[in-house]
């Protein structure tokens, strides 16, 4: 049960696809910084996350979403967490894997 | 001290930035402290394993040449993502003669799941 974090925009396609390939059931993925662009309604994003293992929770750092003016564009399967929520997630998971 | 299992995923090609060399340093330091290390090569990181590297003219030390030293530190084999090799059209013939285990995505996931800590480089 790992928390995965990623902070690069989806134009770093290999980073995102490799991260997704290592997800197992029960993991969580948190989009930080430029990676929040992977959560918005913009062409191919929904398809990128279509094939995940069951029971993978998807989170987006709310402050980074707001900073980029993307509040209205977040796709519905992503849950917003703020910085305090980020800390909570890190505490709840036995390990964190940062992709960058 | 409890022995922990740590996985290091090296994803960058050698020489363009220092991540490959940094990862190797971390792996060796961790092994010196007698922890169980999984040294995993994915994406462009598999290029570090390419044979015939000759970086002298760009004033770099060969990453490939440093890898056999791992045996001295008790790291008997490295793990190589088969899909990353396939994406790059590489067969094991193009790689250095190191002890390596080719892994499917399932096997990579299993290594990460059983690790106490995972670092990406």
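No value in this document is a laboratory result; all are computed from the given coordinates. Everything numeric here is computed off the predicted structure, so don't read it as measured data. Please note: Cβ atoms are built from the backbone with ideal geometry, for glycine as well, and neighbour counts cover all protein chains shown.
What the table below lists for this structure:
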quantity: Peptide A:15-22 - average C-beta neighbours from other chains (10 Å radius); calculated: 5
quantity: 19 Å reach of a label modelled at residue B:52, 7 Å along Cα-to-Cβ, counting backbone N of the range B:1-44; calculated: B:14-15
quantity: Net length gained if the chain between residue B:110 and residue B:71 were fully extended (0.36 nm per residue, minus Cα distance); calculated: 11.7 nm
quantity: Gap separating the Cα centres of the range B:81-111 and the range B:23-68, nearest whole Å; calculated: 15
quantity: Cα convex hull of the range A:1-62 - mean projected area over all directions, nm²; calculated: 3.8
quantity: Efficiency of FRET between residue A:88 and residue A:11 - r from beta-carbon atoms, R0 25 angstrom, step 0.05; calculated: 0.25
quantity: Kirkwood-based shape ratio for the range A:43-87, expressed as Rg/Rh from alpha carbons; calculated: 0.99
quantity: Segment residue B:90-residue B:59, length gained on full extension (0.36 nm per residue, minus Cα span); calculated: 8.6 nm
quantity: For B:114-120, mean number of other protein chain Cβ atoms within 10 Å; calculated: 4
quantity: Theoretical ellipticity at 222 nm over chain B - DSSP helices of four or more residues, -39500 (n - 2.57) apiece, nearest 500; calculated: -7500 deg cm²/dmol
quantity: Cα pair distances of the protein assembly as shown binned at 5 Å [whole percent]; calculated: 1, 6, 14, 17, 18, 15, 12, 8, 5, 3, 0, 0
quantity: Cα pair distances of the range B:42-121 binned at 5 Å [whole percent]; calculated: 3, 13, 22, 24, 21, 12, 4, 1, 0
quantity: Helical contribution to [θ] at 222 nm, DSSP H n ≥ 4, -39,500 (n - 2.57), averaged over chain A, rounded to 500; calculated: -7500 deg cm²/dmol
quantity: Other protein chain Cβ atoms within 10 Å, averaged over every residue that makes up B:33-43; calculated: 1
